[in-house]
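A quick write-up on the structure given underneath.
The values are calculated or read from the model by the stated rules, or taken from the named source; none is laboratory data. Please read these numbers as outputs of a predicted model, since none were measured by experiment. Glycine also receives a Cβ, built like all others from the backbone with ideal geometry; neighbour counts cover every protein chain displayed. Side chains are part of the model used for accessible areas, which takes the heavy atoms of the whole protein and leaves out ligands, DNA and RNA. Shrake-Rupley method; radii C 1.70, N 1.55, O 1.52, S 1.80 Å.
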Amino acid sequence: MIFASEEERHREMFDVLRAVGRADLSVGRLYEGHVNAMALFDWYGTAGQHSWLCQELRTGAFYGVWATEPLPGVHLNCDGEGRLCLEGSKTFASGAGGLAHCVITVQGHESERRMVVVRANEAARADLSQWRVRGMRASVSGCYDVTGLEPDPAALLGGPGDYDRDPRFTTGAWRFTAVQLGGIEALLTETRTAMSQTAREDPLQRAKFAHSVAATRTAYLWVRECALRAARNDPDGPAFARMTRGIVERAALDVMELAARIVGTRSAMDGQRIDKIIRDLSLYLRQAGPDYARDQAAIAWLERDAWGDGDGLW
Ligand SMILES: Cc1cc2nc3c(=O)[nH]c(=O)nc-3n(C[C@H](O)[C@H](O)[C@H](O)COP(=O)(O)OP(=O)(O)OC[C@H]3O[C@@H](n4cnc5c(N)ncnc54)[C@H](O)[C@@H]3O)c2cc1C
């Protein structure tokens, strides 16, 4: 598809991520990882890496991004003959053992971490024994041991510090919040369908439904705006994305609570879609450092109104 502008492309991707999240949050998590990997190749890949990527994609290869790791992390070592070797493992590695390749973060001899593309489909390296969770099971976010893998220098993507480079890195939260938003929207739709006639005739239940609609659409407006800011490489994007994370989390928590109160016990029954969405969403909401993100947003907003486009409140 040809897009007239980067904003148009982001707007389209925002809708796609929501749609996938609406269908299934685990699939959404995997798809978001693939989209993130494609963006990293786009920003930091060489011409040779782009042509390799195209060949792989033609064969149906699916990618992910694994940054989370237990201490002491993943190290990129170099022996006396210049051969590269990895040591360590990744946790919360969505698609562990099933994806073709992953962009992983590693610590080399430089102070900033960097990216390496590794094979991710070796079942023997994946450990799913700890992935015993009440939701998001199908995202297969287990551990993946990369110890002993010897990446070719051509597998180094970008340079030290590129993965964490802002505003792209932090504003990139717009992608997972778009998937989460899809889950919230699906929950709202299911709640409406499951709402009994008695509940629909009760103003108290209708007030809960109205609150759910407002929370969902508020989250929509923030995430859409955040996606557009990412397209523009807006320097206020990181503050905006950090605030957006909290808005989406609050909306999801409210809509989950209200769905249970509107629909009653059926919302918790095995086999009910509402139950599955709530289990998935409540886990998928747990992203890194939510309190820190909100606090950083507050610090930025105290300085200037990060929403303002030349018309800030202060
Ligand atoms: C389904 C799923 C799939 C995932 N897939 C991937 C993936 O493919 N790739 C990947 O890289 N990651 C993935 N992740 C990991 C994700 O990006 C987060 O790193 C992870 O979910 C954070 O987990 P946590 O809430 O336990 O950790 P933390 O961020 O450690 O938070 C735990 C608690 O500690 C608090 N806390 C944390 N740090 C501090 C601090 N410094 N000071 C005070 N309080 C603090 C937080 O506020 C929070 O309340 C996935 C996570 C999930 C749930």
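Add +1 for every Lys or Arg and -1 for every Asp or Glu among the other residues with Cβ under 12 Å from the Cβ of Ala219, and state the total. In short, +1. Rolling a 1.4 angstrom probe over the protein heavy atoms with all chains in place gives the range 168-303 an accessible area of 46 Å² per residue. Here the 3J(HN,Hα) profile of the range 156-170, calculated from phi with Karplus coefficients 6.51, -1.76 and 1.60 at θ = phi - 60°, is 7, 9, x, x, x, x, 5, 4, 8, 5, 9, x, 4, 4, 6 Hz, Gly and Pro shown as x.
Excluding ligands, DNA and RNA, the accessible surface per residue across the range 26-157 is 49 Å² with a 1.4 Å probe.
Could you state the orientation-averaged shadow area of the convex hull built on the Cα atoms of the chain, in nm² to one decimal?
On the way: hull surface 75.7 nm².
Result: a mean projected hull area of 18.9 nm².
When Rg and the Kirkwood Rh are both derived from Cα coordinates, the Rg/Rh ratio for the range 26-157 amounts to 0.96. Projecting the Cα atoms of Gly172, Val213, Ala230 onto the charge dipole of the chain, computed from C-beta unit charges around the Cα centre, puts Val213 farthest toward the positive end.
A quarter of the convex hull surface defined by the alpha-carbon atoms of the range 74-113 gives 3.5 nm² as the mean projection. Charged neighbours of Asp162, selected by a Cβ distance under 15 Å, balance to -1 (K, R count +1; D, E count -1). When you filter the GluC sites (Glu not before Pro) in the range 70-110 for DSSP loop state and at most 10 other Cβ atoms inside 10 Å of their Cβ, you are left with Glu81. Along its first, second and third principal axes, ordered by size, the range 258-301 spans 43, 19, 10 Å in Cα coordinates.
For His101, the residues 5 or more places off, or on other chains, whose built amide H falls under 5 Å of its own are Phe62, Gly64, Ala120.
State which helices in the chain qualify, where a helix is a whole DSSP H run, it must extend 18 Å or more along its own axis by its Cα atoms, and its mean Kyte-Doolittle hydropathy must be at least -1.0.
On the way: long enough: 6-23 (26 Å, -1.03); 25-44 (28 Å, 0.24); 173-194 (31 Å, 0.28); 203-231 (42 Å, 0.05); 237-263 (38 Å, 0.56); 290-303 (20 Å, -0.49).
Result, helices passing both filters: 25-44, 173-194, 203-231, 237-263, 290-303.
Out of all DSSP beta bridges with both ends in the chain, state the antiparallel percent to the nearest 5. Present the calculation step by step, with values, prior to reporting the outcome.
Values: 17 of 22 bridges.
Roughly 75 percent of the beta bridges in the chain run antiparallel, per DSSP.
So if I place +1 on the C-beta of Lys and Arg and -1 on the C-beta of Asp and Glu, and nothing else carries charge, what would the dipole magnitude of the range 26-157 be about its Cα centre? I want it in debye, nearest 20.
On the way: 11 positive and 14 negative charges, 128 e Å.
Dipole size: approximately 620 debye.
Just report the Cα centroid separation between the range 134-178 and the range 251-303, whole Å. Taking the Cα centre of the range 251-303 as reference, the centre of the range 134-178 is 24 Å away.
Over the chain, Cα pairs under 8 Å with separation of 6+ residues give a relative contact order of 19 percent. Of the whole protein surface, Leu313 contributes about 140 Å² of accessible area at a 1.4 Å probe radius. Among the trypsin sites (Lys or Arg not before Pro) within the range 17-110, those in coil by DSSP and having at most 14 neighbouring Cβ atoms inside 10 Å are Arg83.
Our summary gives the range 26-157 a relative contact order of 27 percent, counting only alpha carbon pairs under 8 angstrom and 6 or more residues apart.
Separation of the range 1-31 and the range 182-220 by C-alpha centroid, Å? Computed from Cα coordinates, the inter-centre distance equals 24 Å.
Please report, as a whole percent, how much of the solvent-accessible surface of the chain comes from carbon and sulfur atoms (probe radius 1.4 Å).
Numbers: 8380 of 15500 Å².
The C+S portion of the solvent-accessible surface of the chain is 54 percent.
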